[in-house]
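Novice: A single structure is presented below for examination.
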Amino acid sequence: MRSARRTLLALTTAGLVVTGLGATGAPKEAAPAATSSAKHPGKPGKPGSPTGPAKPLAGMRVLISNDDGMQAAKPSNSDGLGLYELRRAMCDAGADVVVMAPWQVQSGKGTAVTNGGVLTAQQRTTLPAGYEKDCAGTPSGSPVFGVCLAEGPCGKDTPSATPADTVKLALRGGLKAKAGWTEDPDVVLTGINSGPNVAASVNDSGTVGAAVAAIDQEVPAVAFSAEGDAGNTAFPVATYRKEAEFGARFLAGMRHHRLLTGKFAVKVDYPDTTNGEPTRAPVWTRVGNGAAVFHDYAQKNNGDSFDITLGLCVGKPQTGGECDESRADADQTWLLDRNHITVAPITWDRTYGTSVDGRRELRELENYVKHGAPRA
């Protein structure tokens, strides 16, 4: 069992006013860098293979959101830096990208939405150091918006929209008002999340929740998450960058093979690249039925208050409890123990025993992951 298991997840795991106001302050420096209708399975790309042309995503419109926010100011890189790496990789591959993400970190929000008040989509005019020139020349200009829960402007302590809020806002008028897109994006990408979203944490994940908000509107969606370092308290730029570059090639292959569908979302988790182990090929998995971490509550002074803490499943014996994992194809097993990239389909349908919609698409995507996807 790999050491990254020791401390797994740092919790990932119409009265709308859309305004474009002033810039936010520049965050702490980050490491510098070395058209179809989404209502049907994505059209193939420009002529050539998904890995052949210099711009395999040319002509695609990509919306990016996440649950880590868009500030990218923390030294741990846990508040949105992965989003900027994903944006860069997609633009480098030829996509037109617009970011509409939560104003603040919203990890653990799942599919939560805000039922009243006002949302403001505020454009960031000063991007994190090293990312200022990314996406130059795209048709939309590839703006980055942070969405807050206020009638603008968004300030340091302004409450944030949830991840699902940002996607719903974007698809229900925000992209038209702020980026001039009159049709849905070809795909919604969420992440790259700081920490993996596997097993039981998938239900809590705002990264996955934002992707589910997209397929609610029949727009294809892919949710990206990445392991941190051995303690999962810092999130190296190198891992974000590797996953972003993989993600661009993975998406190009999906496009080329007409695998983009709004019938289900795709969850991609990338292993730690700093642990000395090779990153192994993508594996088709299911969401694990155990947990890696769980919410725990410690009563304070025998009173009414409880500290919210994280319980760890590492090292616990199989007892029939929530930590037990019985699926051989569980995402957490292949990611955390074996250092594979993991891919799993996610659906919005919570009806137990329902028949699978999109069985053909599911089978074809599984075949792509096993035989045609980029290896790492």
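The values are calculated or read from the model by the stated rules, or taken from the named source; none is laboratory data. In this text, all values refer to a predicted model and were calculated from it rather than measured experimentally. Here the Cβ is made from the backbone with ideal geometry for all residues, glycine too, and neighbour counts use every protein chain on show. Please note that ligands, DNA and RNA were not included when accessible areas were found on the heavy atoms of the full protein model with its side chains. Shrake-Rupley method; radii C 1.70, N 1.55, O 1.52, S 1.80 Å.
Novice: Out of all the residues in the stretch 55-102, which are more than 18 Å from Cys135 (Cα to Cα) and either open to solvent by less than 20 Å² (accessible area, probe 1.4 Å) or not in a loop (DSSP other than H, G, I, E, B) (or both)?
Specialist: The answer is Asn66, Asp67, Asp68, Gly69, Asp79, Pro102.
Novice: For the stretch 191-288, which fully contained strands (runs of 3 or more DSSP E) count at least 2 residues that are farther than 22 Å from Ala328 by Cα?
Specialist: In the stretch 191-288, 221-226 are the strands (runs of 3 or more DSSP E) which contain 2 or more residues that are farther than 22 Å from Ala328 by Cα.
Novice: A further question on this structure: Scan the stretch 117-148 for residues that are out of contact with any strand residue (DSSP E or B) (no Cβ under 6 Å at 6 or more places or on another chain) and open to solvent by 50 Å² or more (accessible area, probe 1.4 Å) and report the count.
Specialist: 7
Novice: Tell me the residue from Thr138, Thr125, Thr158, Thr114 that is within 16 Å of Asp68 (Cα to Cα) and assigned to a loop (DSSP other than H, G, I, E, B), please.
Specialist: Just one listed residue meets the conditions, Thr158.
Novice: Cβ-Cβ below 8 Å, separation at least six or inter-chain, first residue in the stretch 153-174 and over 9 Å from Gln106 (Cβ atoms) and open to solvent by 10 Å² or more (accessible area, probe 1.4 Å), second of a type in the set (D, E, K, R) and in a loop (DSSP other than H, G, I, E, B): which pairs?
Specialist: As it stands, the answer is Leu171/Asp184, since those pairs meet every condition given.
Novice: I'd like to check something: does the stretch 323-342 contain any residue that is within 20 Å of Thr111 (Cβ to Cβ) and outside any helix (DSSP H, G or I)?
Specialist: Among the residues of the stretch 323-342, not one is within 20 Å of Thr111 (Cβ to Cβ) and outside any helix (DSSP H, G or I), which makes the answer no.
Novice: Could you please let me know if Thr162 is closer than 12 Å to Met100 by Cα and of a type outside the set (A, V, I, L, M)?
Specialist: Spelling it out, Thr162 is indeed closer than 12 Å to Met100 by Cα and of a type outside the set (A, V, I, L, M).
Novice: Could you list, in sequence order, the residues of the stretch 285-304 that are modelled with pLDDT of 85 or more and either closer than 22 Å to Val343 by Cα or hydrophobic (A, V, I, L, M, F, W, C) (or both)?
Specialist: Thr285, Arg286, Val287, Gly288, Asn289, Ala298, listed by residue number.
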